[in-house]
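As structure tokens, the structure follows; a few thoughts come after it.
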Amino acid sequence: MTQQKHKSAPIRILRIITRLNIGGPSIQAIKLSRRLDSAGFHTTLVHGQLGPDEGDMQTLLSTEGLNTISMPTLRRKVDPLNDIRTFWQLLRLLRNLRPAIVHTHMAKAGAIGRQAAIVYNTLWARNHPAKLVHTYHGHVLEGYFSAPKTALFLAAEKLLARRTDTLIAVSAQVRQELLKEYRIGREDRFQVVPLGLDLAPLEAIDNTARRDARKQLGIPEEAKVIVWVGRLTPIKQPEVFLDAAKLIKLRHPQAIFLVVGDGELRSEVESKARALKMTNDIRFLGWRGDLPTIYAASNLSLLTSRNEGTPVAIIEAMASGLPSVSPNVGGVRDVITDPSVGTIVEEGSPESLAATACALLDSPDLCREIGESARSSAVGRFGFARLVSDITALYHGLLNLPPVSLGQAPRDSGPRLS
């Protein structure tokens, strides 16, 4: 890949993310920070403390060689004392670093990080203020908190959006919800930048890999394997997956169900599996570093969330060549754009999930056809090269810099900045 030479010093970016738990936002923040070096940017990545039972993506930091700062006072939970401490730490960092762009990810980092940047710009950087960018990987305005707390978050988001130069939504649906339903931000400040993921290991899965994966996991060749990947938290509704699994098992006695992930509901969900008498059918695998093996061993992927930004698990399943069944929430329709690449059902309905899953399992040819179309769609729209190109263009536009050539044009043909 050819790169344009930069004779001047790299442009400093301060990227702030609430925590590096397993999921799309963490992967994007880590890998994007490293890859933007080739476009003349140098990133300092600030990350907060993980919550209990959360999977940890911090192992990626050592492989990417990033300049990172761990800030234990930055936590997802509202904690006034730690939140104030985080604000002052970020303000000191801003004064020392003097970044050209402050880019925040996730709600808590977005709230405190942007407040600190606004104060920094007002008091110390009036002549050369840092540009503020915030990425909505989803939002916490539905299904996360009580009504009073949600109202407080909404008011804060509206105020901060007025002082943010660019607001990024990871899907058109998330942008629409924020603008129209919650009245956050202005249309001219919103950009849609879909997630970009390293899908090559999933794209490489073939029939040989599928056979090897089943041997490795001890799964019979004739079994029908349904996988669920995500955090075991209320917003993901893992109990709906168990209810659907019970119904699927009535039609497909040989079915095996894989639950990949962990979280606060794990003991509760395992208890429910025992109550349903499905302990021999449902395997709780915890967080895994071998997702290509898991997807390769599976026939079908299910999602049960009550809210989603962009469902990474579905993108990964599609890139693996699996059909998916997902509820009609958040950014799901921006991923499953057509019945040829997946199926969307009513949210919170194990009956709809099970009926659709059984229909697919009853038709291997249809499963194969949807899987092939899904793979082509996911790889084309959510590859990492496209993300790097989009963010580079956005940063250069904010700073009034000429466009940079990153050499080989990405093959991705999906949604771009809009």
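The values are calculated or read from the model by the stated rules, or taken from the named source; none is laboratory data. Small disclaimer: the values here were computed from a predicted structure and weren't measured. Note: ideal-geometry Cβ built from the backbone for every residue, glycine included; neighbour counts use all protein chains shown. Heavy atoms of the whole protein, side chains included, go into the accessibility calculation; ligands, DNA and RNA do not. Shrake-Rupley method; radii C 1.70, N 1.55, O 1.52, S 1.80 Å.
Computed values, structure above
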{"quantity": "Karplus-derived 3J(HN,Hα), 6.51/-1.76/1.60, for each residue of region 175-189, Hz, glycine and proline x", "calculated": "4, 4, 4, 5, 6, 8, 7, 9, 6, 9, x, 10, 4, 6, 9"}
{"quantity": "Ranking by accessible area, most exposed first, for W228, W124 with a 1.4 Å probe", "calculated": "W124, W228"}
{"quantity": "Accessible surface, 1.4 Å probe, highest first, among residues S340, S298", "calculated": "S340, S298"}
{"quantity": "Carbon plus sulfur fraction of accessible area for region 23-62, probe 1.4 Å, in percent", "calculated": "51 percent"}
{"quantity": "Modelled FRET efficiency - R0 25 Å, D198 with N67, Cβ distances, 0.05 increments", "calculated": "0.75"}
{"quantity": "Cut-off under 5 Å, modelled amide H: who pairs with K131 long-range", "calculated": "I101, V102"}
{"quantity": "The chain: angle of helix 266-275 to the longest principal axis, Cα-based, in degrees nearest 10", "calculated": "10 degrees"}
{"quantity": "Whole-Hz ³J(HN,Hα) from phi, Karplus 6.51 cos²θ - 1.76 cosθ + 1.60, for region 37-45, glycine and proline x", "calculated": "4, 5, 9, x, 10, 10, 9, 9, 9"}
{"quantity": "Between helix 147-162 and the chain: long-axis angle, C-alpha atoms, 0 to 90°, nearest 10", "calculated": "50 degrees"}
{"quantity": "Counted charge near Y295, where neighbours are those whose Cβ lies closer than 10 Å (Asp, Glu -1; Lys, Arg +1)", "calculated": "-1"}
{"quantity": "Antiparallel bridge percentage (DSSP; both residues within the chain; nearest 5)", "calculated": "5 percent"}
{"quantity": "Sum of side-chain charges, K158 neighbourhood, beta-carbon under 12 Å (Lys, Arg +1; Asp, Glu -1)", "calculated": "+3"}
{"quantity": "Amide H contacts of T304 (H built 1.01 Å from N, under 5 Å, at least 5 apart or other chain)", "calculated": "none"}
{"quantity": "Kirkwood Rh and Cα Rg combined as Rg over Rh, evaluated for region 136-199", "calculated": "0.99"}
{"quantity": "Rounded tilt (10° steps) of 207-217 against the dominant C-alpha axis of the chain", "calculated": "80 degrees"}
{"quantity": "Among (i) 22.2; (ii) 23.1; (iii) 26.4, the entry derived from the coordinates for Kirkwood radius over Cα pairs in Å", "calculated": "(i)"}
{"quantity": "Formal net charge of residues neighbouring A354 (Cβ-Cβ distance under 11 Å; K, R +1; D, E -1)", "calculated": "+1"}
{"quantity": "Whole-number accessible area per residue in Å² for the chain, which is evaluated in the context of all protein chains at 1.4 Å", "calculated": "43 Å²"}
{"quantity": "Listed residues K77, K158, K236 arranged by accessible area, highest first, probe 1.4 Å", "calculated": "K77, K158, K236"}
{"quantity": "Separation in nanometres of the label points that stand 7 Å from Cα toward Cβ, at R12 and R368", "calculated": "5.8 nm"}
{"quantity": "Partner lysines for K149 [C-alpha distance under 22 Å; skip if fewer than 8 residues away on the same chain]", "calculated": "K77, K108, K158, K180, K236"}
{"quantity": "Residues with amide H under 5 Å from that of L199, placed H, sequence gap 5 or more", "calculated": "F384"}
{"quantity": "Radius of gyration, Dmax [region 183-340; alpha carbons; angstrom]", "calculated": "16.4, 54"}
{"quantity": "Residue of I22, I118, I219 that the Gaussian network model of the chain assigns the largest fluctuation, springs spanning Cα pairs under 10 Å", "calculated": "I219"}
